[in-house]
Amino acid sequence: MSSPAETSATSQLEPGSFRDPESRVFYAGDEVYRALSPDGLSDFEALRESGLLDDERIVRTAIADDTAALRGLLVHEPAAVLRHERVPFVSYPYEWTFSMLKDAALLQLDLLLAALERDLVLKDSTPYNVQFKGARPVFVDVGSFERIREGEPWVGYRQFCMLYLYPLLLQSLKDVPFHPWVRGSIDGMTPAQMRALLSFRDRFRRGLFTNVFLHARLERRYADRPEQVKQEVKRVFKKELFVANVRKMRKLVERLTWNPPEGVWTAYGERNSYTDDDARRKDDFVREVATSREWGIVWDIGCNNGRYSRIAAEGARTVVAVDADQGPVELLYRDLRADGNDQILTLTMNLADPSPGLGWRGLERKPLAGRGRPDLVLALALVHHMAISANVPVKEFVDWLASLGSALVIEFPTREDPMVKKLLAPKREGLHPDYELGFFERTLGEAFEVERSERLESGTRVLYFARPKRG
Amino acid sequence: MTGLLAYLDPGSGSMILQIIAGGVAAVAVTAKLYWGRLLKFLRIRKDEPEPPKAEPARGSE
């Protein structure tokens, strides 16, 4: 066991990195490190010698010289420490859109094929090993690479099915978002569960009979014979078979598609092209704030089609664009990907039910606010959805924004606004008395220093720029 | 490195499946090869000059 004296006062273990005994991630200062066991180090050296480490799809990594402070972090004593490039903002598969999970899956398979060519393998297949730099997926778990062993099958195949293939199939075939499933189970969907969701007809679709139906059946049949199976597999399994299986999986994943409903496409295009006076003034307001200084991380919550995320990106290092509606976020991701954007990270999440801490001790996956505070938050055309649709009291929403400790651009649509009227229409008369301009302004003023505000031409929308209190 | 497998449980059924799925692929490749030979034999497809040997196959014998 480690005693406090053995670990550096400033270093902090990443609580989500404990499953693989050969490597462990920790932080010291602003840097990300990975301690390696002796076996882990040998694997890392094989990776480095293969040249694959320099691949731009893998996170920048170098050996760090100082290992004295790290005793006791691993089951074995660390043999070496790596320093990783820091990902601007950590995200998880249950926050990605369909195409993001698919791109992460293809990255996983492509790196596995590249590894196999060099007599290496990836020891697991979890999407938590992929992060996004803007619209570009990056593989962050360098500790996943190891030297291939004779007769070794694709160990990560089952995990690939459970966390990549089945969630993608669910959304692609059934139009059911995979997010609640992936968020609800850290290991993903089992073959038996996936099988139960498919119809008789589905077994004739490409790849489904083997990867779902047969998989579920064999799992049940061989569950109590692991030792026997292991010996048999070792005897007959060849690398060629491994490569063939991965290639087949790649073809299958490549074919999977999902598209947002037609209305989303129309709205996405329209909102990008609107040019009325309100929109122009809103653009200017956001642009003035965004470019008034250099912002580190900007959250655009309720980003919709990303119009203001793009404006914010003019003055920010990283923009996290979040919306509860997956459709526009998916289309935004596709556009950003086509542009090669590595600045705007798209996520889909309901802010009235944001990602919690998950996994062992609730610490393996961090809640949204636990992954680095924003410097500026854009909350445009959002407060009425939170207050009226999600019934979050206005004061609580403002207090939550204040708890982030960041500057804020917020838009308040008044009760006369057509959208607000529409949201209020099905509700009982007299509900949401706190949704009122005067009350909102008082609440905002209590929690923030309001620097400036502007009422848009139409008169039903007001914009504010506010700074956190206490400097 | 004593154990065959890493920290992750690959699943017994999942391993068997890979052999079966791979077996199907192997049969398909073999069939394709013989189909090509048959076409050549029947003079439907012309002989192509032998491509230079890329790398010697690692034989098991």
* Which whole-number percent is the relative contact order of chain A (Cα, under 8 Å, 6+ apart)? -> 12 percent
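Compare the peptides A:120-131, A:249-260 by average per-residue count of other Cβ atoms within 10 angstrom and give them in order, highest first. Walk me through the numbers on the way to the answer.
Values: A:120-131: 23.0, A:249-260: 16.3.
Ranking, from highest mean packing down: A:120-131, A:249-260.
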* Asked: If you take the beta carbon distance between A:E436 and A:K469 as r and set R0 to 25 Å, what does 1/(1 + (r/R0)^6) give as a FRET efficiency, to the nearest 0.05?
  -> 0.65
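Could you sort A:207-213, A:103-109, A:174-180 so that the peptide with the highest average Cβ count within 10 Å comes first and the rest follow in order? Let's see the in-between values first.
Values: A:207-213: 19.4, A:103-109: 22.1, A:174-180: 16.0.
Those peptides, ordered most packed to least, come out A:103-109, A:207-213, A:174-180.
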* What value does the range A:335-426 have for Rg/Rh, both radii from Cα atoms and Rh as Kirkwood defines it? -> 1.03
* Taking the highest mean first, how do the peptides A:150-159, A:45-54 order by number of other beta carbon atoms within 10 angstrom per residue? -> A:150-159, A:45-54
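Full-extension gain between A:F209 and A:K427, please, as 0.36 nm times their residue separation minus the C-alpha to C-alpha distance.
Difference between extended and current length: 73.7 nm.
Under 10 °C and 1.306 mPa s, how fast does the range A:254-378 diffuse according to Stokes-Einstein, given a Kirkwood radius computed over C-alpha pairs? Answer in µm²/s, whole number. Provide the component values of the computation, followed by the final result.
Numbers: Rh = 15.7 Å.
Rounded, D is 101 µm²/s.
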* **A:I63 paired with B:L42, simple spin-label distance in nm, labels 7 Å along Cα-to-beta-carbon** => 6.1 nm
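Would you tell me the mean number of C-beta atoms belonging to other protein chains that fall within 10 Å of each C-beta in A:278-285, as a whole number?
Numbers: counts 0, 0, 0, 0, 0, 0, 0, 0.
That average works out to 0.
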* Asked: Which entries in the list A:K102/A:K366; A:K123/A:K230; A:K102/A:K239; A:K133/A:K234; A:K102/A:K395 go over 28 Å, if you measure between the two C-alpha atoms of each?
  -> A:K133/A:K234; A:K102/A:K395
* **FRET efficiency estimate (nearest 0.05) - Cβ-Cβ, A:R280 to A:R247, R0 60 angstrom** => 0.70
* Structure fact -> In whole angstrom, largest first, the equivalent ellipsoid semi-axes that the Cα gyration tensor gives for the range A:262-468 are 24, 21, 19
* Return the average number of partner chain Cβ atoms within 10 angstrom of each residue Cβ along peptide A:237-249. => 4
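Could you state the orientation-averaged shadow area of the convex hull built on the Cα atoms of chain A, in nm² to one decimal? Numbers along the way, then the final one.
Details: hull surface 102.6 nm².
Seen from a random direction, the Cα hull of chain A projects 25.7 nm² on average.
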* What is the P(r) of the range A:93-255, as percent of Cα-Cα pairs per 10 Å bin from 0? -> 10, 38, 38, 14, 1
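None of the figures in this text is laboratory data; all of them are computed from the coordinates on show. Predicted model, so just to flag it, every value in this text is computed and none were measured. Don't worry about glycine lacking a Cβ; one is built from the backbone with ideal geometry, like all the others, and counts go over all protein chains shown.
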